[in-house]
Amino acid sequence: MIIFFDKLPSTNDYGLKYGQDFQDWTVVWAKVQTKGRGRLGRTWYSPEGGLWFTIILKPGRALPLLTLSFAVGVVEVLKRKGLDVYLKWPNDILIKRRKVGGILTEYDAQTGILVAGFGINCNLDIDDFPIGIRDQVTTIRRELGHDMMLYGLLEEIIKELKPIYEDVVAGKALRWLNAWRERSRSIGCSVVVTLPDRTIKGYAIDVDEQGRLLVRTDFGVEKIIAGEVKFIE
């Protein structure tokens, strides 16, 4: 089932608040998000023309590898559209070092609701974004030179993600973790990780079976689950 809104503050917030009222795999789709957000509480600019949606899931537990696994599915769909996309840990979808999309998964332990939010810059121009981020983003329109039917893209992504979700829930996420490694350009990069209490500099060597980024430093290997991560390709 797809629930469509002309405008919502955040599709993820809606899914977390009302998820118990809907069945598994209900999709919350908004033409515009007024308070879209990404990782670490950052603002996710979501004007009309993008594809902004959340899938409501009810696994009853957290799924640490779901973000990375779902990212593989989105990349496969976009590649079939002719886009040269790749992944950056933990949740960015890039073209030529510019962000074209991202994924934010959140789990509510009290309700057992997990929401997977997706933002894809589709039928937009660079000038549609705030000046401060225009050199960091791109859009499908910019890359392909034409617009895309949003509903068709949404349907194709959902179809791609369902078997991935079944594998992750069944404990078979390793194949998707390996697929993420193949589609990522994060491994092998120098990184700077800013944490609340310190800054880590090192070399990204892998992701582990919990989806944590492994960074080799002069003092050993750090396992990164959060923080501001800057990759130097």
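The values are calculated or read from the model by the stated rules, or taken from the named source; none is laboratory data. Model, not experiment: these values are computed from the prediction. All Cβ positions, even for glycine, are placed from backbone atoms using ideal geometry, and neighbour counts span all protein chains on display.
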Looking at this structure, is D108 out of contact with any Pro (no Cβ under 8 Å at 6 or more places or on another chain) and closer than 30 Å to Q20 by Cα?
yes
For region 116-139, state whether one or more residues are at pLDDT below 95 and under 23 Å from V27 (Cα atoms).
no
Taking region 37-54 and the residues there that are within 14 Å of F118 (Cβ to Cβ) and touching a helix residue (DSSP H, G or I) at 6+ places or on another chain (Cβ under 8 Å), the one that is surrounded by the fewest Cβ atoms within 10 Å (Cβ to Cβ) would be R37
What do you reckon, is D197 without any contact (Cβ under 8 Å) to a residue 24 or more places away in the chain, acidic (D, E), more than 27 Å from G19 (Cα to Cα) and surrounded by fewer than 12 Cβ atoms within 10 Å (Cβ to Cβ)?
yes
